[in-house]
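Some notes on the structure that comes next.
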């Protein structure tokens, strides 16, 4: 029974992640960490599921986000995901 509850929880979080990205269209990993109160690596795994289905893509990292070239920005702010499926 416990495994069933875990699987149901993961499915719920995946659908919540889908809904969040559909509504916002783009989000940094940091925004997702704050919103879902989850570890960044756990979210990356879930995002990977949506990426493999062609629904989400990770945008290339760019220093343009802050306008500097110092490379000292928080990596969580530079990791941007975008919902690409309209359906």
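The values are calculated or read from the model by the stated rules, or taken from the named source; none is laboratory data. Just so we're clear, the structure is a prediction, and the values are computed from it rather than from any experiment. When we count neighbours, we look across all protein chains shown, and the Cβ atoms used for this are built from the backbone with ideal geometry, even at glycine.
Do you know which residues across the stretch 43-57 are touching a helix residue (DSSP H, G or I) at 6+ places or on another chain (Cβ under 9 Å) and either without any contact (Cβ under 8 Å) to a residue 12 or more places away in the chain or not in a helix (DSSP H, G or I) (or both)?
55, 56, 57 - these are the residues of the stretch 43-57 that are touching a helix residue (DSSP H, G or I) at 6+ places or on another chain (Cβ under 9 Å) and either without any contact (Cβ under 8 Å) to a residue 12 or more places away in the chain or not in a helix (DSSP H, G or I) (or both).
Return only the number of the condition from (1) touching a strand residue (DSSP E or B) at 6+ places or on another chain (Cβ under 7 Å); (2) loosely packed, with under 14 Cβ neighbours inside 10 Å; (3) modelled with pLDDT under 90 that residue 79 does not satisfy.
Residue 79 satisfies every listed condition except (2).
When you check residue 74 against the structure, is it at pLDDT 90 or above, surrounded by fewer than 13 Cβ atoms within 10 Å (Cβ to Cβ) and out of contact with any strand residue (DSSP E or B) (no Cβ under 6 Å at 6 or more places or on another chain), yes or no?
Judged against the criteria, residue 74 is not a match.
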